[in-house]
Each structure stands twice: as structure tokens, then as C-alpha cells.
Amino acid sequence: MKTLSKLYLPFILLLSVSGFAQNNNILKDSLWSYSIHKYACELPLLDSSCVYVGADVAPITCLYKQTGKLKWKLDMDVRSYKKGFLHTIRDDHNGRIFFNGESNDLYAAEKATGKILWKYELKFDDDVCSRITILHDTVFINPAEPIFVAITTKGKIAWKTNLTSYCVGYAIDKNIIFCQLVNGGFCVLDRSSGKIIKSVSKGGRGEFFTHPPCFFENTVVMGNDIDSVSSFDKNTFERTWTIYDRKIHCSDNGNLYCYNDTLFIKLDPTSSNPVWRINGNFGWFLQPTVYNNKVYLQTRHRFYIINNETGELLYECPFNYKSYTKPIVENGIIYMGFTERYVAVKDPTFKIKK
């Protein structure tokens, strides 16, 4: 097993960031802004015509993505949405969306109208980031209780597996589900039946708000908010490397990143070798988005756009807003949520291809 005690390795050169674009505030190029209550949800949904977003103490809202105008809002008791900023919103190929956020239910609704189709009672809370994955007409979710659940898109239970503790994050591969547990360690489930294939009691502390594990070609990477990031062989689940020094991992589109308050690094998931690193102010719950070979980072203090291949800083500006929300980028527009607003802004690095 390979162990790195520090990522500040002397042989890694900090890439030059001279010549990058800097703006006083990315919000000055807003195309539209929609007022929400407090925090926008963690994982909104964008489709061909609309953006679907939830918020703290607010129901799911559907906005036309070109104008920000309201298409529909769920007609439900707003008081039931006290955990709304933890909404994960996903859709299927049959015109339905699925979301959590109320303290006790998972919902399915029509995308076109917001009409509720069914609900299934599960516990949700702001101490566990429950996420929804939809595969082959099945909804997979980790609620705020020591179980993992698979429900058909028609609202029927497929299977439910009792775990030793809360699953604070998971990754799904072709045949298995890798669940990170809150008390440390992990378990591996068969995706079709929910049967526990392997259980490991130690493997790192699975803190609340941890980023979920992520599968790569031959490994699965698991981290936490306290002390380390580790990689495990996908076949044997033996540990292959560990990085210490309070590093937190996150991923998007097959890329692995690691960060602390002042350093953001792209890693090779097989070897843990740094591909590039960049200094900045990253001390928040980062949800990087990779689009057209660029990394979009919305932190509590700054907004960054980085070349995903070289680590070159393409854009940076102050951004003093609290946010749990993953940016969505499409065709020169960045959709982003933060305190009391969800907005669409122009991508300052977007160039029209001739």
C-alpha cells in the first residue's frame, strides 16, 4: 500500500497562472435571477428546457432555463421542507423527477406539471447527504437511517438492506454498490438483490457531509472530512493508497480531485500522483463541475474556472456567498445557487466555435 503523508511535494511545480481573466463579480453578467429561501439545493437538475431546483424551507420549483420564469412550483406545505437544501433531483426517461428533502418522504412527480405521482416514507436529515441514482427503472437512495433502499420508478420496494450504521455516501458500479458508513469502514452490496457481499469495519471515519465514494477503472476512492482519502482495489477491496493531512476528495465526470482550505489538486486515481495543483481559498463543501475540459468551482469566498488538463487558472473572482450547490454548465451559461438566489450567468471563458 502506498501512503503519502503530505501533498505539498517538493517536486511538483505550481503552474503559472499569469494572464488569467479576473472579474470583480461573475454575477454582474447574470442573465436572470430567481429568489429562493436561504440555500439552494445541493444537486439541481437541468434538462432541454428547464431547471429544477429546491431550497431550504421551499418546495421543488421548475424554471424555464432561458428566462428564469416560473413554470410550476409544487403545491405542498412549505413547512415540511425544512431540509430542502439537501434535495437531490433526478429524472428518468419517462418524464418523471424523483427527489428527497422532506423529513420523511421520497417523491416522484411529473416533470411537465409537478404533479405528485407517489411518495415513499423514508427519513431524511441535514446530517446525511442522501443522494438518488436511477438505473434500469430503479431508484437507489441512502436515507438518514441505517438502511440502503432500492425502489422501482413506480414506487414499489425492490429491496431494502439493513446496515450497521448510516450510509453517508455511495457509488454504483455495474454489479455492486459501495457504501461508506458513518462509523468508519464500508460495505459492498449486490446491486440487483441488496445482499451484503463484503463488510469492513475500518477504513476511515465516514463523517457527515462527506463526499461520496467514486469508482474508477480499477479502484474505488473514499474520503472524509477529517483526516484522509484512501483508494481500494475494486476486486479485492484491499487498500492501495492513502493520503493524509486533512484532505477531502471530490469527483466529476471521471476526474478525481483532493483539497483542503488552501490547495486544490487533481489526482491520478490509480497512483494518487498529483496531475496539477493550484493554490486558493477552497475551505468549503466543494462540488466541482467538469465541462468542456474546464473545472468550475463555487467556493464560499471565490469562484474559479480551471483548465482540467493543465491546471491553468482561467478565471477567478470574489464570491462571498454560502452555498451547497453544484454548478451546472451548458453552452456558455453557468447555473448556480447560493444564499437566497438561483441564477444563470454568462460563462466568462466561453468561446463560440467557428
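Picking from residues in the range 313-354 that are of a type in the set (A, V, I, L, M, F, W, C) and in a loop (DSSP other than H, G, I, E, B), the one that is nearest to F282 (Cα to Cα) is F319.
Which residue is surrounded by the fewest Cβ atoms within 10 Å (Cβ to Cβ), if the candidates are limited to the range 148-182 and must be aromatic (F, W, Y) and closer than 27 Å to L117 by Cα?
Going through the qualifying residues, I end up with W159.
If the condition is being under 22 Å from G184 (Cα atoms) and among the basic types (K, R), then the range 140-164 contributes only K160. For the range 286-308, the tally of residues that are within 19 Å of the chain's Cα centre (by Cα) and over 16 Å from Y39 (Cα atoms) stands at 16. Filtering the range 53-83 to residues that are surrounded by 16 or more Cβ atoms within 10 Å (Cβ to Cβ), assigned to a strand (DSSP E or B) and either at pLDDT below 95 or of a type in the set (A, V, I, L, M, F, W, C) (or both) leaves V53, G54, A55, A58, P59, I60, T61, C62, L63, W72. The residue that is surrounded by the fewest Cβ atoms within 10 Å (Cβ to Cβ), among those in the range 84-111 that are at pLDDT 90 or above, part of a loop (DSSP other than H, G, I, E, B) and not basic (K, R), is H93. Output the residues belonging to the range 309-329 that are within 20 Å of S251 (Cβ to Cβ) and under 18 Å from the mean Cα position of the chain (by Cα). Scanning the range 309-329 gives S323, Y324, T325, K326, P327, I328, V329.
Looking only at residues that are among the hydroxyl-bearing types (S, T, Y), in a loop (DSSP other than H, G, I, E, B) and more than 24 Å from P44 (Cβ to Cβ) in the range 130-165, which one is nearest to the chain's Cα centre (by Cα)? Give the steps one after another, and end with the answer.
Our first condition is that a residue be among the hydroxyl-bearing types (S, T, Y); within the range 130-165, this holds for 130, 133, 138, 152-153, 161, 164-165.
So of that shortlist, the ones also in a loop (DSSP other than H, G, I, E, B) come out as 130, 153, 164-165.
Next, from what is left, pick out any that are more than 24 Å from P44 (Cβ to Cβ): 164-165.
Working: T164: 24, S165: 21 Å.
So, considering only residues that are among the hydroxyl-bearing types (S, T, Y), in a loop (DSSP other than H, G, I, E, B) and more than 24 Å from P44 (Cβ to Cβ), the one nearest to the chain's Cα centre (by Cα) is S165.
Taking the stated definitions as given, is Y342 at pLDDT 85 or above and either touching a helix residue (DSSP H, G or I) at 6+ places or on another chain (Cβ under 8 Å) or on the phi < 0 side of the Ramachandran plot (or both)? Considered against the rule, which asks whether it is at pLDDT 85 or above and either touching a helix residue (DSSP H, G or I) at 6+ places or on another chain (Cβ under 8 Å) or on the phi < 0 side of the Ramachandran plot (or both), Y342 comes out as yes.
Of the residues making up the range 37-51, those that are outside any loop (DSSP other than H, G, I, E, B) and either charged (D, E, K, R) or modelled with pLDDT of 80 or more (or both) number 5. Among the residues examined, K123 qualifies as within 16 Å of Y107 (Cα to Cα) and either surrounded by 21 or more Cβ atoms within 10 Å (Cβ to Cβ) or of a type outside the set (G, A, S) (or both). So for the range 301-312 (the condition being out of contact with any Asp or Glu (no Cβ under 8 Å at 6 or more places or on another chain), surrounded by 19 or more Cβ atoms within 10 Å (Cβ to Cβ), at pLDDT 90 or above and in a strand (DSSP E or B)), does at least one residue qualify? The answer is no; no qualifying residue exists. Scanning the range 133-142 for residues that are surrounded by 19 or more Cβ atoms within 10 Å (Cβ to Cβ) and either of a type in the set (A, V, I, L, M, F, W, C) or modelled with pLDDT under 90 (or both) yields V139, F140, I141.
The values are calculated or read from the model by the stated rules, or taken from the named source; none is laboratory data. In this text, all values refer to a predicted model and were calculated from it rather than measured experimentally. Note: ideal-geometry Cβ built from the backbone for every residue, glycine included; neighbour counts use all protein chains shown.
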